[in-house]
Each structure stands twice: as structure tokens, then as C-alpha cells.
Amino acid sequence: MAAEAAAAAGPLMRRYEGAAQGRGVAADGWRVCLAHSFEELRQPYGAGDVPLRDVLRHIGLALRYFRWWFKKTLIEKKSAFIDLLCAVPLQQIYGCPLGGIGGGTITRGWRGEFCRWQLNPGLYHYETVIANQFTVCLRCKGQTIYQQVLSVERPSSLQGWNWGYCGRYAFYHALYPRAWLVYELPGQSVVLTCRQVSPVIPHDYKDSSLPVGVFIWEVENRRDEDVQVSIMFSLQNGTGAKEDGSGGHWNEPFTFQKDGERVAGVLLHHCPAVNPFTLAISAREKAGTGVTHVTAFNPTGLGREVWQDLLRDGRLDSPTGKSRPTEKGEVTAAAVCASCRVPAHGHKTLELALAWDMPCVHFGSKEKLHLRRYTRFFGSEGNAGPSLSHYALTHYKEWERKIEAWQNPILENSQLPSWYKSALFNELYFMTDGGTIWMEVPPDCCAEDLQGPAGAGFSHLLPVLREYGRFAYLEGQEYRMYNTYDVHFYASFALIMLWPKLQISLQYDIAVTVVNEDVQPRQYLMCGQTAQVKMKNVVPHDIGDPGDEPWQRVNAYLMHDTADWKDLNLKFVLQVYRDYYLTRDSLYLQDMWPVCQAVMESELKFDTDNDGLIENGGFADQTYDAWVVHGASAYCGGLWLAAVCMMCKMAEVLGDTEIRQKYLDILSKGKEAFERMLWNGKYYNYDSSGSGTSSSIMSDQCAGQWFLGACGLDQGEFEVFPKSHILSALKTIFENNVLGFAGGTMGAVNGMRPDGVPDTSSVQSNEVWIGVVYSLAATMIQEGMVEEGFRTAEGCYRTVWERLGMAFQTPEAYREKKVYRSLAYMRPLSIWSMQLALERRAGQAPALAQLPPRHTHP
Ligand SMILES: CC(C)CCC[C@@H](C)[C@H]1CC[C@H]2[C@@H]3CC=C4C[C@@H](O[C@@H]5O[C@H](CO)[C@@H](O)[C@H](O)[C@H]5O)CC[C@]4(C)[C@H]3CC[C@]12C
């Protein structure tokens, strides 16, 4: 490939030597040559890179944490919700996950491997299963001329197969929820493009829940003669875990015909004691396309029979009947093969699918059995493999039409930079691959079951949860807590813009926990004090650990007692109004209103000097949970004023004049106090303590304004922060935290000293938080600093996706050098707030507000 062409193709394509561009590959997205290797390999924070100063700073926590970790992992034999001692090592291999929302995910790597598994909800297993491959066989004039596993690996098992495809002749391109792998078969004049499609479709609450992925193989024959092309899809029964060898697993061939469409394949029944499931590999039969199979083969042996079977005639043997169940220690696999004749200089398509059916799930505690969302459409008997496969293979074209209708207006906007288009769609992977679960509430469930002992009394809780189910996603694959609320605040833009009913459902779940309590005492690791798990009338930190029993037991987080956190309650109020503003769902607003009042009452006690502004408590009492704040602060004070403003607005909408007046009075006092205590003429100080670092420039100091602007509450009578101050603060952040950090190439550091040195007073102040950077960029765009906003966000995208090899695992944080923290994290979904800001600037009514106001739930 010529040097200029390689440069145009992107920085990860330098090694590409092919000429093929593939068929129907998107122009924008994340593209990488299969021969690429990343130069820099970072370490997880806490794996030996923690400076002594930070260890000493947190010595009490470190000791308490170690004692807790020892008991949890070595005595109780359970895994820790955050494992600081065994962080997941960075593997620079991941690509788009397969599957819709909440049915489990199987992630493929960018070299085509099947390497990250989340079938047990919220629990990850990182293992490349070597038997899971696509193999191509080419035949001309009745002779096999080429047979190759489409993998660059050279594994120790299946040595009878032809491995080691030359990565220089292939590239991967991701634009979630689709991805392409383009292979130029060396010396064959045949180009293969595999398009991978998952049903992730905004505003769709049916197909988006399906646990399926489709592989559409476009075959281009550039030869002067016809060629018979076969694609074999082989799959191990299991996920590469030790249970694969626990015995009792078995496979069986199937066909499924409906509406004149027929699919054929193999079911791989995986039968552990907990959460059994069936994998289904299949292909669509159509005129000119034959589908054959191998029911069972040994993936740990040489694999010669399967290889020779395909080599003989480009077809598999297709025995009838089921395989015998595996013995203990034995592993089994199956394969399906689709074949067709491609005319000289012609093109043909082969369609294959992978489905997985784990309808009923237990979380770690095994207390309750839950049904996944898709069971309402495909049943919960565990026999949906064939119908799911058929549905996927006959509906993927419709999914793609809908995906294109959603993505194209953004992709075709020439004013938007290409990296942004990639970032916006690819960061969305976390919607499915965030340990996500989407469950049904049982049909016999009544409002009382859902509302907890306090009997929350929400009039529309039951209809919402019955119709749209229950949704949860992890704070991060390594931070195993569902719906961590201080972080969801940032990520929630993706939900409210794309699946608003899931955001509404999540909010109902939070509202229920607000009015309930858990009086169980426990010790908190940061301070060592003991307090109850959950207090009434405060927003919880999270909805629970999937390794335990989420919803049943909330607040898995035990670093701090978050009843005293300053941001959680405010973030609830801000989201309620933002959701109402974008959906006009007045029933939701009515139900949430008493909860907003209750949490604001709890919050008012943090205004200890009655000046209309809350004070922080002298510990890390907010989302920056290792960065101490004393007194009034830009972050929590700003969120507080924004929430007070939204209380006024909601009271106005609901005609509650008394409450409106109450919060108007607080707002006018609080605004004055905020400016007096924190404004320093250029930006808002970190806090009002007057300590050595209280004048630090915090990148997130305008978080309140971010939400106000997103809801159109940032001007005229609603101007909470003077426009000139916001502009000056954003300019200061841009000059210092962005341009003054790592040459302006890595986003914004959380805290910068006014003299241009990152604030090292805490372990989080000198980190960059990618999700915060995207929200800062959105705030800049809202305020007219569009170029600065893009420049700020671009640093993070290029660092994560292009330099550090962290595609499809964007972490919470990185430092300028050496370390990162918490891979595959929720917060970066905040990039969707950039899109909201852009749409508002372009004068488009936010997508959802174009819908007629909704006053009723089904
Ligand atoms: C290997 C040794 C044990 C390391 C010794 C030094 C340590 C005592 C500290 C060094 C780094 C600290 C951790 C930094 C981040 C953390 C994350 C936090 O949980 C979530 O974090 C989000 C912020 O990123 C927050 O918004 C969410 O609400 C939280 O759920 C929990 C604390 C900690 C793990 C922190 C603990 C102490 C160190 C390991």
C-alpha cells in the first residue's frame, strides 16, 4: 500500500500491504491492520506503580482493604467487587462485542478472535478460545486450491489446520454495532469481507435485546474462472472456562424453517449446574448455497478429521443425530459450513449466525431466578437457539437499514471530524458490554414486590417496569457494581438519547431504593468507621454487585459511607429534570417529584452555615472518591445550584408554588455565596478551604452548567452562573488542563495548579478521566467553544484508541505516563452529551423532544 494511502487509512494501517478495500465497509470508524502492534503497553494502577507517598496517604485504607480482600477471596472464596490486588492485565486485542443489550455478550478481537465472555450477567471471563474460527476453502474445477484458517495465530492445539494467515493482507474496521474484517487471500484473487452485525438499534426495545450476532461474508471473485467458496464456522461448546471440561455437554444438528426461509446449523448445549445455556451456530440456506455441519469434534486434538472433511469437497460430512454427552475432562466443539459458487469476476454472499440462549439467570448469590428481556419474545424454555438464529438471519437487513438511518445523518455531516464519528459510535459498545443485564419483571409481580418495605407508592412504577423491564450495567468491567449512580450521571446521556425507556426504568429503580433503607451495620474501608448500609431518603451509590444479589442488596461499594456524599442526591434531581425535558413524560415527573423533594431535604443539611450553598465534609465525599474537598466547592456547589434551579423549574411545571418559592430563595442566596467564596476572577476555585491546593483548576468545575445547558436552562431568568464566568473558566481549563498537559494531546487533567503543574495532592487529581473530558467537551460546545471542545475530546480518543491500544475497553482514567485505571468503564458514554450539544447548536430540537408529549404509560 502506498505511503499516502496508508496514512489516509489511519495510523494503525501502516503495516497493511493489501490493495483491497473490502465491500461495503464504512468510511468512518476505527481501522487497524491485522499485523499492527501497539508500541506502548501500560500498567494498571496499583500493580507496583503506586508511589510511596500515595501508599502512605492511604495506609489505613490499604490495610483495611487487604484484610477485607483476604477474607472475601481466600476464606469465602468469592471474587472482590474491585480487585486492587489482581487487576485484569491490559490486552490490546479487543473489537466490537456481539449481541444486543442485556442478553450477555461475546466480544471478538480485532484479529477475529472470540476473546471476552459475559454470559453470566456482569461477570467477565477473558479467554481466547482457539477453536472458534472462520476457515475458508476455495475450489476450482473440482479441486481444492486453498484452505486457510482466517487467523494470524499459530496455536498448539488443532495443529492439523492451516494457521498463520498473513496479517499484512487484512484489516479490521469497527463502527459499532457493526464491524468488518477484510481479507485479501494472498495469490488467490479472492477478497473476503466479513461484516458483523449486532442488533443494537436506538428506540427499539425488542430486537435490541436479542443475544445474537450475524456474520455476512461478501465474496469477491476476481479470477477469470468460477470458484466454489466455503466458509466454515467452528465453535467450542463453552466459553474457554474450566467448566468446558466438566462433562455432560452435548451437541445436535438442527434446521428451522419459517415463512419459506430455512436455516441449518448445530446447537451446543452447555450444561453447568448454574446458568446453563445453548450456543447455536447456523447459516442461511438459499438457492445456490449449501449448508453442512460437523456435530462434534475434539478441539484439543490435531483436528485432522474436520480439516480433511472440508478439504475433500469443500463441504462437511453432516452426520445426523446428537453427540453423546462429554465425559469429565473432555471438551467438544462443532462446525457449520456455508458454500456457494461465485462466478468469474462476480460476487456472492454467505450468511452465518451465532446465537446464545441463557434465558434464566442467577446472580452470584443464587437466591432468585431472573428472566432475561428477550424471553418475552422467544420463551424461557432454553430451546430458542433455532428460532433466534432464524430470526437473526432473516432480520439483519432490517437492522442494518435502521442502524444506517440512525448513523448516516451523523456520518454524512462533513463538519464533524472522522475521529469523533468513530468515538461516538464505538464508545457505545459499553451499552451491551458493560456487564449489561436487561430483565423481565415477572408477570405475577405486584407493585409491592417492586417497591420494597417502604411501599414507595409510585403510580407508574409497575407499568414502566412491566413494559420495558429492568436494566443495569456495570460501573466498569473491573468495578463490578451495577448502575453506579455518580458515574451513570455522565453516561446517562447515551440512555436518554437512544433508549429513553431504559433510563426511565433505571430511575424508577433508584427512586425505590431512595425511600428504602438497609440498617445492617458495616465498616467502611476509607475511614474505618461503621455505619448502616443504606440510609432512607438518600440516593444509593449503586444497585448492587452481580456477584451477589443486585436490587435486593444495594450499595456494594464499601469504600465510603455514601449517605454523606454530596453529589448523588443532586445527580438524581438533575437527571429527573433532564429526562423530563427530553421526553416530556409528565407521569415520570409526577412520580419522581416527591423523591426529588426528599433527597433535596437530605441535602439541605449539608448547608451547615445556611448561606444557600452546601459544603463538602473534608473527605472525598463525591465521585472523585480519593480527592478530598473541604467547605464550598466548585464541583458539588455547582451541581447543587443547578439542582436547586431545576427544583424551581419542576415546581413551576407541576404548579407547586410553595416549593418553587422555597428553592428560588435558596437559589438567590446560594448563587451569591458561590460567587463570593469560589470565583477568583478567572475560574472557580476547587474548594473554599484556603489549603495549598484549593486554588487548583478542576476540569469538572462546570458540571452544573453542563446539565443546565443540556436542558436549555442556561440563560435569561435561569442563568445560574454568569455567562462571562463560565466562558472564562472553560478558557482557563482549556489553556491549563488541556493545552498545558502532555502538549495538549491527552485531554484534560482533572486538576491543574495555576502554575501549570498537575495537582498531585491526591491519587485522582493528576488523572485524566475520559468520561469527564467528553462531558467537558460537551460543555465547551454548548458555550460556543466548539473547536476547543473537539480538540479536548480528540486527545482522549487518540490516546485510548490509537496510542494505548485500549479499543473497546476505554478505562476510567490514565495518567500522563505509565499507568491507567479501571478498564472498560461506564463514564465515557458521556460522549453522547457532545452529540446532544451539537444537535442543539444546529438548531435541531433534541431528537426525543420531537415526539409528542407523553402523558400515559402503557
Ligand atoms: C496495591 C495497593 C493496595 C495500592 C495502595 C495505594 C492505594 C491505597 C490507593 C491508590 C489508588 C487508590 C484507588 C483509586 C480509585 C479508586 C476507585 C474507587 O471506586 C470508584 O471510583 C470512581 C472514581 O474513579 C468513583 O466515581 C466511583 O463512585 C467508585 O465506585 C474506590 C477507591 C479506589 C479503589 C482507590 C482506593 C485506594 C487506592 C487503591
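The values are calculated or read from the model by the stated rules, or taken from the named source; none is laboratory data. Remember, predicted model here, so these are calculated numbers, not experimental data. With ideal geometry, Cβ positions are generated from the backbone for all residues, glycine too; neighbour counts draw on all protein chains shown.
Looking only at the stretch 5-35, residues that are part of a loop (DSSP other than H, G, I, E, B) and either among the polar types (S, T, N, Q) or more than 21 Å from Phe425 (Cβ to Cβ) (or both) come to 10 in all. Are any of the residues in the stretch 766-776 more than 15 Å from the ligand (Cβ to nearest atom) and farther than 21 Å from Ser822 by Cα? Within the stretch 766-776 (the criterion being more than 15 Å from the ligand (Cβ to nearest atom) and farther than 21 Å from Ser822 by Cα), the answer is no, since none of the residues qualifies.
Every residue in the stretch 289-310 that is assigned to a helix (DSSP H, G or I) and surrounded by fewer than 16 Cβ atoms within 10 Å (Cβ to Cβ), please. Arg304, Glu305, Gln308 - these are the residues of the stretch 289-310 that are assigned to a helix (DSSP H, G or I) and surrounded by fewer than 16 Cβ atoms within 10 Å (Cβ to Cβ).
Residues checked against (1) touching a residue at least 24 places away in the same chain (Cβ under 8 Å); (2) touching a strand residue (DSSP E or B) at 6+ places or on another chain (Cβ under 6 Å); (3) within 16 Å of the ligand (Cβ to nearest atom):
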site: Thr693; (1), (2), (3): yes, no, no
site: Asn736; (1), (2), (3): yes, yes, no
site: Gly747; (1), (2), (3): yes, yes, yes
site: Val763; (1), (2), (3): yes, no, yes
site: Glu787; (1), (2), (3): no, no, no
site: Arg791; (1), (2), (3): yes, no, no
site: Val800; (1), (2), (3): yes, no, yes
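Picking from residues in the stretch 54-79 that are touching a residue at least 24 places away in the same chain (Cβ under 8 Å) and more than 8 Å from the ligand (Cβ to nearest atom), the one that is nearest to Glu816 (Cα to Cα) is Gly60.
For the stretch 429-465, a residue qualifies if it is at pLDDT 95 or above, charged (D, E, K, R) and surrounded by fewer than 24 Cβ atoms within 10 Å (Cβ to Cβ), and exactly one does: Glu440.
Which members of the stretch 583-603 meet the condition of being among the aliphatic types (A, V, I, L, M) and farther than 12 Å from Met650 by Cα?
Residues of the stretch 583-603 among the aliphatic types (A, V, I, L, M): 587, 589, 592, 595, 598-600.
Within the stretch 583-603, Leu587, Val595, Ala598, Val599, Met600 qualify.
With the condition kept exactly as written, say whether any residue in the stretch 537-553 is without any contact (Cβ under 8 Å) to a residue 24 or more places away in the chain and touching a strand residue (DSSP E or B) at 6+ places or on another chain (Cβ under 7 Å). No, the stretch 537-553 contains no residue that is without any contact (Cβ under 8 Å) to a residue 24 or more places away in the chain and touching a strand residue (DSSP E or B) at 6+ places or on another chain (Cβ under 7 Å). Note on the stretch 593-616: residues that are outside any loop (DSSP other than H, G, I, E, B), more than 16 Å from the ligand (Cβ to nearest atom) and of a type outside the set (Asp, Glu) total 10.
Put simply, of Ile82, Ile93 the only residue that is within 16 Å of the ligand (Cβ to nearest atom), buried (at least 17 other Cβ atoms within 10 Å of the Cβ) and among the aliphatic types (A, V, I, L, M) is Ile82. Residues considered: Gly104, Gly109, Gly122. Of these, the only one that is within 17 Å of the chain's Cα centre (by Cα), within 16 Å of the ligand (Cβ to nearest atom), surrounded by 16 or more Cβ atoms within 10 Å (Cβ to Cβ) and under 22 Å from Ser822 (Cα atoms) is Gly122.
To keep it simple, each residue is scored yes or no on (1) outside any helix (DSSP H, G or I); (2) closer than 22 Å to Trp117 by Cα.
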| position | (1), (2) |
| --- | --- |
| Arg376 | no, no |
| Trp399 | no, no |
| Ile403 | no, no |
| Leu416 | yes, no |
| Trp438 | yes, yes |
| Asp449 | no, no |
| Pro453 | yes, no |
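Look at (1) over 22 Å from the mean Cα position of the chain (by Cα); (2) buried (at least 24 other Cβ atoms within 10 Å of the Cβ) and you find that Lys571 fails only one, number (1).
Val88: surrounded by 14 or more Cβ atoms within 10 Å (Cβ to Cβ) and over 27 Å from the mean Cα position of the chain (by Cα), yes or no? When the stated conditions are applied, Val88 does not pass them.
The single residue among Val219, Val149, Val182 that is under 27 Å from the mean Cα position of the chain (by Cα), at negative phi and crowded, with 17+ Cβ neighbours inside 10 Å turns out to be Val182. Consider the stretch 272-288 and keep the residues that are under 29 Å from the mean Cα position of the chain (by Cα) and without any contact (Cβ under 8 Å) to a residue 40 or more places away in the chain. The one that is surrounded by the fewest Cβ atoms within 10 Å (Cβ to Cβ) is Ala273. Checked across the stretch 490-503, the condition of being more than 16 Å from the ligand (Cβ to nearest atom), among the charged types (D, E, K, R) and within 26 Å of Gly771 (Cβ to Cβ) holds for at least one residue. Residues in the stretch 21-53 that are in contact with an Asp or Glu (Cβ under 6 Å, 6 or more places away or on another chain) and within 16 Å of the ligand (Cβ to nearest atom): 1 in all.
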